[in-house]
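Heads up, the thing below is written out as structure tokens.
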Amino acid sequence: MRKLFHMYPEQFEIPDGAHDEEILVYRACKTQKCDMESFTPTYVENGCIFLEGDDPTNPGLYSLSTYENPRHIKRFVIMTSEYGKPYKIAKGLTISECGPVQRTRERNKKRRDSHVDWWIYPEGKPYEKFNMIDDFDSYLEENVKKEGLA
Amino acid sequence: MNKFLEIEKIGTLEVDKILFESYYPILFTCVNEKRELFLCLCCQANREGKKWLITRTSPRTIIKILTNEITLRESFTQYKDIQFTVFLNPEGTQIIANNTSDWDYHNSLLLPDEGEFMDAEKGEFDEEIAYYDKQICDSYEKIGASKVAFTSFDEIFCDYSIEIKFKEGYSIDTQITKQVFNSFIRSINIEPSKKYNMEYHNSSIGEMEIRVKNNFAESRAKSNTQCSFDQNDTNNLNAAA
């Protein structure tokens, strides 16, 4: 599988627990569109260089960061200064043709959040399978109501 | 604990608890050598570098964040004496103290969005809340212990000012001080990194010890996890202070 990630450095190893699974996830879109730029893993987006303090052996560094829980993706955008307002969140499935996934908490037992790592193949186009949520706050509110009824 | 950063004014910071993260910690607390608590936010991580906001905090403020009682932006602007913006890039590390534009409540582009809470779900942070609550309880225990251990006001003053300063924020200090000493305190002046300046009423040490012991025992009996004193006491104290 490693050859599929030829642009990544030697230190990158796909974790043992990475697998194919269709998980419903949310992705914050920097360009406010469902496009390639918004779905570029941070490492590639940063020009395939390590930022100060990055651990090259952390597989999460090379993945596309997504969250399963919509509350958590909102937490992410309200704390990070890189997302313009109104922030735009896309929703979709982690289809296997784009790459394997792993819930981060499955390899890091300290974690309890819903972060999902998705290692995207070079030819993967996940943005084509995602849909932008028009009004995320309303969407979240509806979701909370449904949780209450469940 | 992992070493995070060294800042001349506050010492070496180590990561204490991570409250939210992506592939890197986003919201977390740090402690220095004196076990003072700091709230940190990684608000930028891109090809230009990483940027953090760091401010002093208290366990009670963190609990308020985790129980959706305070907005994230408010929690970062509570303590204005320690506010650092740290920018790390290949050229080096820039540490900027009290940069007003980054920390301006209404106009900052780096602070968490205005009006937004952690939106914690029920039970999500139980473990962390218990951890920070224990720090508050520990402070109470140490205060209580110091009250009965020392035999002069000066010694009590010295010991307790050190303990509290290291464990809690100044606003909490004032509250605890008032509550523990009850009406024995007539005035308190608090300045960052300075000693407390107090004037006491003429009361016997024995009397004070009994009152502190009673207050402390009562608070501990009320709850195993939440340390607080009787509301009536607080009212008396407010009137007395």
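Applying the Karplus relation 6.51 cos²θ - 1.76 cosθ + 1.60 with θ = phi - 60° to segment B:77-88 yields 3J(HN,Hα) values of 10, 6, 10, 7, 6, 10, 9, 10, 10, 10, 10, 10 Hz, where x marks Gly and Pro.
In degrees, nearest 10, range 0 to 90: what is the angle between the Cα axis of helix A:136-149 and the longest Cα principal axis of chain A? Long axis of A:136-149 versus the principal axis of chain A: about 70 degrees. Taking the alpha carbon gyration tensor of segment A:2-143, multiplying each eigenvalue by 5 and rooting it gives semi-axes of 24, 16, 16 Å, largest first.
Working note: Karplus 6.51/-1.76/1.60 with θ = phi - 60° gives segment B:25-34 the couplings x, 9, 10, 7, 10, 10, 10, 9, 4, 8 Hz, where Gly and Pro are set to x. Working from Cα positions, state the angle (0 to 90°, nearest 10) between the long axis of helix A:70-79 and the longest principal axis of chain A. Rounded to the nearest ten degrees, it is 80. If you wrap segment B:33-109 in the convex hull of its Cα atoms and look at it from every side, the mean projected area works out to 5.9 nm². Listed cross-link partners A:Lys30/B:Lys64; A:Lys74/B:Lys17; A:Lys145/B:Lys51; A:Lys91/A:Lys146 are compared with a 24 Å cut-off, the Cα-Cα value being larger for A:Lys30/B:Lys64; A:Lys145/B:Lys51. In order along segment B:119-128, the phi-based Karplus estimate (6.51 cos²θ - 1.76 cosθ + 1.60, θ = phi - 60°) of 3J(HN,Hα) comes to 6, 6, 8, 4, x, 4, 10, 3, 5, 5 Hz; Gly and Pro are listed as x.
If you keep only loop residues by DSSP, which GluC sites (Glu not before Pro) in segment B:64-123 have at most 11 other Cβ atoms within 10 Å of their Cβ? Listed in order of number, the matching sites are B:Glu91. Note on surface exposure: B:Ile129, B:Ile65, B:Ile18 rank B:Ile18, B:Ile129, B:Ile65 by accessible area, highest first, 1.4 Å probe.
The values are calculated or read from the model by the stated rules, or taken from the named source; none is laboratory data. None of the values given here were measured: they were computed from a predicted structure. Here Cβ is always computed from backbone atoms with ideal geometry, including for glycine, and neighbour counts include all displayed protein chains. Each accessible area value is taken on the protein alone, full model and side chains, heavy atoms only, with ligands, DNA and RNA left out. Shrake-Rupley method; radii C 1.70, N 1.55, O 1.52, S 1.80 Å.
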